[in-house]
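First the structure, in the form of structure tokens, and then the observations on it.
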Amino acid sequence: MPRLASKPQTITASPIRRIATLLDEARRKSDIISFGGGAPSLPPPQEVIDHLINYIKSYPQKAVGYGATRGMIELRELIAEDLKKYWNVSYDPKEEIMIVNGGTEGIYLALGAILEKDEEVIVLDPTYLGYHEPIKLFGGRVRTVPVSVENGYQPKIEDVKKVISPLTKAFILLSPDNPTGRVVTEEFVRDLVDLAVEHDFWIIFDAVYKHISYGRPTPWVDSFKGARERTITINSFSKEASIPGFRLGYITGPPEAIEVMEKLKQYVSLAPDTPGQIAMIKFLESGIKDRYLNEIVLPTYKRRRDFMYKCIQEYLPEAKTSLPEGAFYFFVNLEEYLKAMERDDEEFANRLLYRKSVVVIPGKYFGEMGKGHVRMTFVSEPEERIEEGLKRMNAYVYSYM
């Protein structure tokens, strides 16, 4: 066959997507306990499902037709109202908001809109693995700032200052964080914005878990003085509305940045998902979102978080972790166990699945500082299966101790 392009071949395939195969298997085999996935385990609100079904029946052609590249104006107006309500920030729904096909597309479009060849993007280490490869694809370079369990995975502004250079183009901040569950402090965001102003770089604020918070809410970057004209915020409905399969999210940013991202989107996905937009218009109406988050999602996930924390302390007492303030995950340092087992985190995860039918994600996938860790989600299994999974992990690691 003819030669393929060289650039895409330099990209590393997402190891999480490879794990998705195992998660499909987990759904077919009841004996596999999955702490691996990053998807909600609750169904979306019944009112939203019923509304979408009725809409498709009543307006079938309209329900599946093409829409505007920026998305339905009705949904963008509701998003603007929602952000004002929760975060006390005002956005022009026509000029400063664009609907995208999930947070992943949002990250891709944001990087494509700002990044030139050899410019640098700073990310934390560990953090979400979906940043590195798009940065490289657009010709950029990754610079990292380490965080560790010893201080709850909180970044230090002095460490950020060490990696800023004349080539710095952006800093990506994910809060609440995947994989650590950390919610960044207001002091750090304020100092980061000051650095962005001083050195003239962008902040890409990944806020896909913004509503999945079990106490202190994440600081909203745009609300800090000087941030608005240099911040692109990535949002997703996947976590808060439990609709990851619709692949629907939205971006906020300066009008000039939105315009560039709109041009890119026209040649990537043309327009956002129409049925998903119809569903999310209903989700943001009539108080459904508030009831769903406050009465179902957050109580369920917080209960599972607290239970998994207790089980980790009981069944893996030599492990180190911190109680997640948000998101879906524990990031667990297993170095004491791995030394005794003479395994790295990836081999441990592979053997744990094979020997004990428990799925965890190797920490090395999230950066150099993730080595010796595993990511464990607490949202995908009920309490009795969380305990059973930790018991199996206990039996496996202590067979080597």
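With charges only on Cβ, +1 for K and R and -1 for D and E, what is the dipole size of the chain about its Cα centre, in debye, rounded to 20?
Approximately 960 debye in magnitude.
Percent relative contact order of the stretch 46-286, based on C-alpha pairs within less than 8 angstrom and at least six residues apart?
Reported as a whole number, the value is 28 percent.
As a test of the definition: which semi-axes, in Å, follow for the stretch 331-401 when you take the square root of five times each eigenvalue of its alpha carbon gyration tensor? Largest first, please.
Output for the stretch 331-401: semi-axes of 19, 15, 10 Å.
Calculated from DSSP H runs of 4 or more alone, at -39500 (n - 2.57) each and per residue, what is the 222 nm mean residue ellipticity of the chain, nearest 500?
-12500 deg cm²/dmol
Specify which residue in the list 1, 61, 170 is farthest towards the positive end of the charge dipole of the chain, using unit charges on the beta carbon of Lys, Arg (+1) and Asp, Glu (-1), about the Cα centre.
1
Modelled label-to-label distance, residue 296 and residue 216, 7 Å Cα→beta-carbon offset: nm?
Those two pseudo-labels are separated by 3.0 nm.
Report the extension gain between residue 63 and residue 306 in nm, rounded to one decimal, defined as 0.36 nm multiplied by the number of residues separating them, less their alpha carbon distance.
Length gained, residue 63 through residue 306: 83.4 nm.
Report the paramagnetic label zone for residue 223: residues of the stretch 89-104 whose backbone N is under 16 Å from a point 7 Å from Cα along the Cα-to-Cβ axis.
Inside the label zone: 89-91.
Under a 5 Å amide H to amide H cut-off, with H placed in plane at 1.01 Å, what residues pair with residue 206 once short-range neighbours are removed?
Amide H to amide H, under 5 Å and 5 or more residues apart or across chains, residue 206 pairs with 173, 174, 175, 234.
Per residue of the stretch 107-114, in order, report the coupling 6.51 cos²θ - 1.76 cosθ + 1.60 (Karplus, θ = phi - 60°) as ³J(HN,Hα) in whole Hz, putting x for Gly and Pro.
Computed from phi, the couplings for the stretch 107-114 are 4, 4, 5, 4, 5, x, 7, 10 Hz.
Starting from the Kirkwood radius over alpha-carbon pairs of the stretch 110-188, derive D by Stokes-Einstein at 20 °C in a medium of 1.002 mPa s and give it in µm² s⁻¹.
Value of D from the Cα-based Kirkwood radius: 165 µm²/s.
How large are Rg and Dmax for the stretch 254-401 when only the alpha carbon atoms are used, in Å?
So, for the stretch 254-401, Rg and Dmax equal 20.3, 59 Å respectively.
For the chain, modelled as a GNM with alpha-carbon contacts under 10 angstrom, which of 267, 209, 250 fluctuates the most?
267
Explain nothing, just compute: Karplus ³J(HN,Hα) = 6.51 cos²θ - 1.76 cosθ + 1.60, θ = phi - 60°, for every residue of the stretch 297-303 in order, whole Hz, x for Gly and Pro.
With the stated coefficients, the stretch 297-303 comes to 5, 5, x, 5, 5, 5, 4 Hz.
Please compute P(r) over all alpha-carbon pairs of the stretch 231-314, binned at 10 Å starting from zero, and give each bin as a whole-number percent.
14, 34, 29, 17, 6, 0
Kindly state, to the nearest 0.05, the FRET efficiency for residue 56 paired with residue 88, given R0 = 41 Å and r defined as their beta-carbon distance.
The value I calculate is 0.70.
Compare 335, 119, 198 in a GNM of the chain, Cα atoms joined below 10 Å, and give the one with the largest fluctuation.
It is 198.
At a 10 Å Cβ-Cβ cut-off, how would you order 75, 167, 316, fewest neighbours first?
167, 316, 75
Taking the Cα centre as origin and putting +1 on Lys and Arg beta-carbons and -1 on Asp and Glu beta-carbons, what dipole magnitude results for the stretch 19-144, to the nearest 20 debye?
300
Work out the FRET efficiency for residue 42 and residue 141 from their Cβ-Cβ distance, taking R0 = 56 Å, and round it to the nearest 0.05.
Working from the Cβ atoms, E equals 0.90.
Taking 7 Å along the Cα-to-C-beta vector as the label spot, tell me the residue 117-residue 285 distance in nanometres, rounded to one decimal.
5.0
Report ³J(HN,Hα) in whole Hz for each residue of the stretch 56-71, in order, from the Karplus equation J = 6.51 cos²θ - 1.76 cosθ + 1.60 where θ = phi - 60°; Gly and Pro get x.
5, 5, 7, 9, x, 5, 5, 5, 10, x, 5, x, 5, 4, 7, x
None of the figures in this text is laboratory data; all of them are computed from the coordinates on show. Because the structure is predicted, anything quoted here is derived from the model rather than measured. All Cβ positions, glycine included, derive from the backbone under ideal geometry; neighbour counts span all protein chains shown.
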